[in-house]
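Chemist: After the structure tokens below, expect a handful of questions from me.
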Amino acid sequence: MSTRRAGPLTGRVRVPGDKSISHRALIFGALATGTTRITGLLEAEDVINTARAVEALGAAARKQGDVWEITGRGVGGLRQPDGPLDFGNSGTGTRLMMGVVAGHPITVTMMGDASLSRRPMRRVLAPLIEMGLEILEPGKETLPLTLRGTSELMPIVYRLPVPSAQVKSAVLIAGLHAAGKTTVVEREATRDHTERMLRHFGAVVATETKGAETYITVDGDAELAGKDIVVPGDPSSAAFLAAAALIVPGSDVTIEGVLINPTRTGLYTTLQEMGGDISFENVRDEGGEPVADIRVRASRLKGVRVPAERAPSMIDEYPVLAAISAFAEGQTRMDGLAELKVKESDRLMATAAGLAANGASAQVDGDTLTVNGASGLKGGGIVATHLDHRIAMAFLTAGLASEAPIIVDDTNMIATSFPEFRPIMETLGAGFDEVRQ
Ligand code: S3P
């Protein structure tokens with residue numbers, strides 16, 4: 001697909017439901033007794049794969065009108081699936097479900113696409129093995145994997161070696177099934193949707209800060225009861241619209257009903273520091289999460305230094321931030337990006353390569369990415385997406401204001417997280433062209 005230089009982007013739009021919250025709503029609904037009703041579930045490939053997985057494990061997940069109804073089987077009540085579970089492109093679905101499988105006396109083969117099959121699973125398997133999970137191919141650390149869980153999981157205290165909400169969540173989910181209290185210790189705050197939603201379902205989750213660390217403890221032998229969930233708009237999807245509105249002259253866009261949980265808003269803080277005209281309007285609480293309408297107007301941006309501590313709260317947003325940093329005046333330096341290397345692609349390299357292909361000066365030095373802004377981007381290059389939805393959307397966004405069009409080699413993966421990306425951008429006034437390669 002190729003971009004076209006856009007005229008002012010204007011209008012009020014909504015983005016689909018948050019991906020992290022959607023996965024969790026399906027999984028906790030499956031582990032609860034009774035019915036969970038989910039409004040605003042993200043109907044993208046990653047989440048649909050999680051819905052299929054919980055169904056294969058014996059829960060029911062059906063859409064009635066606009067609402068997804070999940071009939072759960074209770075903590076420890078899921079059953080042996082008939083075949084392998086295919087998680088497609090989704091690291092979140094895979095890793096959270098490893099925590100579920102760990103707590104059931106079932107043997108499950110998990111698989112995924114070429115991108116997911118390269119991603120590290122040891123970070124999740126290590127604590128789960130400590131609790132009692134078995135891998136049938138000992139020593140293997142990438143999908144496909146066959147795992148055997150147990151109804152006799154041991155509780156543990158686990159200090160996260162990497163700042164990962166997926167690892168934290170997998171251990172807490174397994175902890176629901178253990179006999180006793182399971183604690184995860186984190187140094188850097190990662191997204192806390194698991195903690196919030198588990199409480200909503202009736203689990204006992206305690207959070208305590210001790211010095212620089214946070215101790216998150218879940219009580220085992222938990223009982224979850226089906227609940228109503230309203231999924232707010234995904235700030236990681238809204239990020240592309242906000243970025244586009246900033247760089248396309250004359251734009252004024254409002255994105256309604258977006259999640260503004262502080263563990264997710266690092267990008268918006270950074271864009272404001274860069275001089276972006278961004279305001280959170282009509283701030284409210286919806287279903288235990290803070291939500292706002294985000295208004296963004298085209299702005300002259302200046303380069304900033306993004307501190308490493310902010311990385312967990314904007315980890316999925318670096319590709320788009322880097323792409324629009326080319327439009328800023330001066331240098332934007334992003335530190336602490338080690339985790340970007342193990343996402344759907346090596347996003348550090350893919351982002352730098354995409355920028356270089358389009359005439360920007362970008363350097364990777366260890367875990368730091370630096371973009372030398374030139375108050376614009378030449379464009380004219382081809383971006384290799386490496387099966388990564390966010391690389392595709394980041395450069396389709398930057399191409400709305402580049403001098404020459406940007407060609408993105410593969411846009412199929414956008415359907416994993418934000419199938420409405422193109423129609424929503426078009427509603428605002430953007431246009432794209434199909435290209436033959
Ligand atoms: C997610 C956590 C993050 C993020 C991913 C979703 C989650 O991954 O990149 O898109 O829902 O818990 P890590 O936990 O591996 O950082």
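Readers should treat all values here as calculations from the given coordinates under stated rules, not as data from a laboratory. Predicted, not measured: the structure shown is a model, and the values here were computed from it.
Chemist: Using only alpha carbons, build the gyration tensor for the chain and give me the equivalent ellipsoid semi-axes, biggest first, whole Å.
Modeler: 37, 22, 21
Chemist: If you average the C-alpha positions of segment 272-314 and of segment 319-378 separately, how far apart do those two centres end up, in angstrom?
Modeler: Centre-to-centre distance over Cα atoms comes out at 19 Å.
Chemist: On to the next question. At 0.36 nm per residue, and after removing the present C-alpha to C-alpha distance, how many nm does the segment from residue 159 to residue 187 gain when stretched out fully?
Modeler: 9.2 nm
Chemist: Enumerate the amide H contacts of residue 157 below 5 Å, restricted to partners 5 or more residues apart or on another chain; note that Pro and chain-start residues carry no placed amide H.
Modeler: So residue 157 has HN proximity to 183.
Chemist: Classify segment 1-134 from the C-alpha gyration tensor, please: rounded if a/c falls under 1.5, else prolate or oblate depending on whether a/b exceeds b/c.
Modeler: Here segment 1-134 falls in the oblate category.
Chemist: Given the alpha-carbon gyration tensor of segment 208-359, what are the semi-axes of its equivalent ellipsoid in whole angstrom, ordered largest first, with each equal to the square root of 5 times an eigenvalue?
Modeler: Rounded to whole Å, the semi-axes are 30, 21, 14.
Chemist: Which pairs, out of 19/210; 168/210; 19/343; 19/168; 19/140, put more than 19 Å between their alpha-carbon atoms?
Modeler: 19/210; 19/140
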